[in-house]
Structures are given as structure tokens and as C-alpha cells.
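Shown next, in C-alpha cells, is the structure this report addresses.
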Amino acid sequence: MTSSQPPAQSAPAARSGRSVIITCAVTGSIHTPSMSPYLPVTAEQIATAAIEAAEAGAAIVHLHARDPKDGRPDQRPTSFEPFLKEIHARSNVVINITTGGAATMTVDERLQPCAVFKPEVASLNMGSMNFGLYPMLARYQTFQHDWERPYLEGSDDRIFKNTFRDIEKILRTCADNGTRFEIECYDIGHLYTLAHFVDRGLVKPPFFVQSVFGILGGIGPHPEDVAHMRRTADRLFGNSYLWSVLGAGKSQMAIAAQSLTLGGNVRVGLEDSLWLGPGQLALKNAEQVTRARQLIEGLGLSVASPDDARRMLQLKGKSNVAI
């Protein structure tokens with residue numbers, strides 16, 4: 001689709017004084033409550049974590065819900081509503097609602113909160129994939145809740161399903177509400193799937209491409225993997241996209257740093273990593289945002305505000321959501 005587009009500027013942009021968008025993924029559906037006492041579970045905890053992350057410098061908060069009784073992933077709109085209303089009332093941060101939910105859910109279940117609340121941004125996984133969480137069992141021997149071990153064990157025979165039909169359904173539902181997308185690409189093929197939907201006119205620029213590194217089943221966290229993802233996105237989308245990265249687990253900050261040198265943006269948060277450093281659990285999401293901010297400002301770049309992010313991504317604005 002994009003052979004006529006000029007290539008995006010990568011490494012030189014790191015020295016241009018540009019603004020960098022920090023996204024914070026507050027809780028997710030990967031980690032279970034037994035893995036960290038600091039993982040937000042209740043609506044109050046999720047709202048507090050998101051607001052603190054925004055105060056630390058996050059322009060966007062990526063949000064999942066959990067059952068407050070046992071912390072399992074919960075995609076019911078009624079579970080999202082309390083923390084969405086609190087964040088919306090108390091912060092100018094851009095709200096990004098997941099359509100990924102958890103791999104155990106159907107696409108209709110995963111789509112419900114975005115259909116109801118019509119956020120400025122929704123996440124969208126650009127393909128089906130193996131999503132292996134079971135290696136984490138080697139690090140955790142006991143669990144607080146009876147769902148946690150089977151949830152992890154079962155991931156060796158579980159596929160996160162987003163077919164072309166599923167993706168089109170999400171795109172059409174969210175686009176009708178003016179919602180734009182955090183387009184999550186876990187492998188090179190996902191970039192080509194995005195190009196397919198761009199060619200069909202179902203995704204409009206500027207694209208916010210969130211490259212994901214280090215999930216078992218997707219592309220790895222090696223610096224060459226990061227560079228290859230960037231080169232491929234440049235070739236496919238030219239100047240029509242903004243690039244961001246998330247590194248799973250211990251690769252979080254190293255990949256964030258590499259993204260900054262390649263002209264990209266960053267995502268952090270306890271969804272992606274429970275850690276602040278080797279053997280050191282993050283006490284809150286805001287600590288990771290602060291660490292990312294230090295990287296950005298150390299390179300002479302600035303941290304984008306929520307309104308900066310709205311301009312950069314051409315979002316519909318806080319007043320045009322149904323929260």
C-alpha cells in the first residue's frame with residue numbers, strides 16, 4: 001500500500017527534541033494476583049494506579065478490568081465503569097480500553113466495553129497467535145486463587161483468536177464511534193495484516209503501531225528483532241504512523257531505550273512487567289512511568305502531555321466519549 005510514501009525518519013528523530021508518548025498498561029490479563037501484591041485488582045486500585053501514572057507522565061492509560069474478588073480478567077462493562085468514571089473525572093489522560101481482554105474470551109466479550117464507552121483509543125491485536133504464559137509456573141509455587149494455576153497451565157494449548165473477520169468487526173464497531181486504535185503487533189506478519197486493512201480503507205492514518213516483544217508465541221526481544229520491526233513498519237507505512245514499543249518482563253526498559261533512539265514512543269506498566277529492576281518488584285505503575293520519563297529526558301526529548309498525544313494521534317477528544 002505504501003511504496004509511494006516517503007520513509008519515516010527513525011534514528012535522527014531521537015535528537016530532534018520531539019515529544020514522546022508514554023502509554024501505561026495498568027493491570028492487563030497476563031499476570032495473576034499471586035505474582036505481586038502490587039498488581040491493581042479492584043476498581044479503586046486500577047483508578048488510583050492510572051491517575052498516578054498520568055501524574056508521573058503517562059499520556060495514555062491502557063485499561064483492563066479484573067474481578068475484585070479474585071483478580072481474574074473480567075471484560076464486563078459493569079466492571080470497567082467504576083474506574084473509567086473515576087479516571088475520566090479526575091484526570092485529562094487519554095483512556096485506552098482493551099479489545100484484547102484475555103485469550104479465554106470471545107471477540108464479542110472482548111469488544112463490549114469499547115462498544116459501550118466509546119473511548120478515544122482502543123487496543124487491537126492484529127492477528128491470532130499462540131500466547132504462552134505457562135513458563136511462569138516455574139517461578140511461582142503457590143497461588144492464592146484456584147483459577148490462577150489452570151489459567152497459566154492451559155496456555156500451552158490456547159490461542160488468542162483474532163481472525164480477519166474478528167479484526168474487521170472490531171474496526172467497524174470502534175470506527176463508527178470515532179475511536180482510534182493502539183494497533184498491537186506481536187510479529188512481522190501483523191504489520192502486513194495492518195497493511196491489508198489499510199488498503200481496504202478500514203484503518204486511517206496516523207496509525208499508532210504498538211510493537212510487542214518477548215511474549216512466547218510472538219517476536220523475541222533481541223535488539224535485531226526491534227530494529228527489524230521498525231524497518232518493516234517504515235517500509236510499509238512511511239510517515240503515516242507513530243511507532244511505540246513494549247518489552248515484556250525484564251526487557252521492558254532496554255527495549256524502551258532502543259525505541260527512543262529509533263524515534264519511537266514507549267509503553268510501560270504492570271501489565272507488561274511486574275518489575276522495576278532485577279529482583280525488585282515495582283510498587284506501582286507510576287514508578288515505571290518515572291523510569292521511562294528519565295530515559296526520555298536523559299536523551300534531551302520531552303514527554304508528551306495527553307493533549308499532545310491527542311494532536312499527534314488525531315483523537316476525537318475527551319469530551320466525545322461515553323464515560
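How do Arg200, Arg158, Arg310 rank when sorted from fewest to most other Cβ atoms within 10 Å of their own Cβ? Intermediate values should be presented prior to the final figure.
Working: Arg200 11, Arg158 18, Arg310 21.
Final ranking by Cβ density, sparse to dense: Arg200, Arg158, Arg310.
Under 5 Å from the amide H of Phe181 lie the amide H atoms of Ala122, Phe208, each residue being 5 or more positions distant or on a separate chain, with H modelled from the backbone and absent for Pro and chain starts.
Using θ = phi - 60° in the Karplus curve 6.51 cos²θ - 1.76 cosθ + 1.60, the 3J(HN,Hα) couplings for segment 310-321 round to 4, 5, 5, 9, 6, 7, 7, x, 4, 6, 10, 10 Hz; x is entered for Gly and Pro. Just check segment 103-209 against the gyration tensor rule for me: Cα atoms, a ≥ b ≥ c as the square roots of the eigenvalues, rounded for a/c under 1.5, and otherwise prolate or oblate depending on whether a/b exceeds b/c. Since a/c reaches 1.5 and a/b is larger than b/c, the shape of segment 103-209 is classed as prolate. Partner lysines whose Cα lies under 28 Å from the Cα of Lys161, excluding those fewer than 8 positions away in the same chain, are identified as Lys69, Lys118, Lys169, Lys204, Lys250. The helix-based estimate of mean residue ellipticity at 222 nm for the chain, built from -39,500 (n - 2.57) per DSSP H run of four or more residues and divided by its residue count, is -11000 deg cm²/dmol to the nearest 500. Distant-in-sequence amide contacts of Leu276, defined by a placed amide H-H separation under 5 Å and a gap of 5 or more residues or a different chain, comprise Leu281, Ala282.
Ranking Gly132, Leu242, Met253 by how far each Cα lies toward the positive end of the dipole of the chain (charges on Cβ) leaves Leu242 at the top. The candidate values were (i) 33; (ii) 41; (iii) 49; the one computed from these coordinates for percent of Cα pairs over 28 Å apart carries the label (i). For segment 72-88, the Karplus equation 6.51 cos²θ - 1.76 cosθ + 1.60, evaluated at θ = phi - 60°, returns couplings of 6, x, 9, 9, 6, x, 5, 7, 7, 4, x, 6, 4, 5, 5, 5, 4 Hz by residue, with Gly and Pro reported as x. For the chain, the relative contact order comes to 28 percent (Cα pairs under 8 Å, sequence separation of at least 6).
When the square roots of the Cα gyration tensor eigenvalues are ordered a ≥ b ≥ c, the ratio a/c for segment 203-323 is 1.5 or more and a/b does not exceed b/c, which makes its shape oblate. Taken as Cα centroids, segment 70-116 and segment 181-241 sit 24 Å apart, rounded to the nearest whole angstrom. Candidates Leu63, Ala102, Asn92 compared by Cα position along the dipole of the chain: farthest toward the positive end lies Asn92, with charges placed on Cβ.
Provide Glu153, Glu287, Glu271 in ascending order of the number of other Cβ atoms located within 10 Å of each residue's Cβ, fewest first. Mind dumping the intermediate values first?
Details: Glu153 13, Glu287 20, Glu271 25.
Final ranking by Cβ density, sparse to dense: Glu153, Glu287, Glu271.
Where does the charge balance sit around Tyr38 when Lys and Arg score +1, Asp and Glu -1, over other residues with C-beta under 10 Å from its C-beta? Local charge sum for Tyr38: 0.
Rounded to the nearest 5, the antiparallel percentage of DSSP beta bridges internal to segment 11-320 is 15%.
Since every read-out is calculated from the coordinates, none of them should be taken as a lab result. Everything numeric in this text was worked out from a predicted model, so none of it was measured. So basically every Cβ, Gly included, is an ideal-geometry build from the backbone, and we count neighbours across all protein chains shown.
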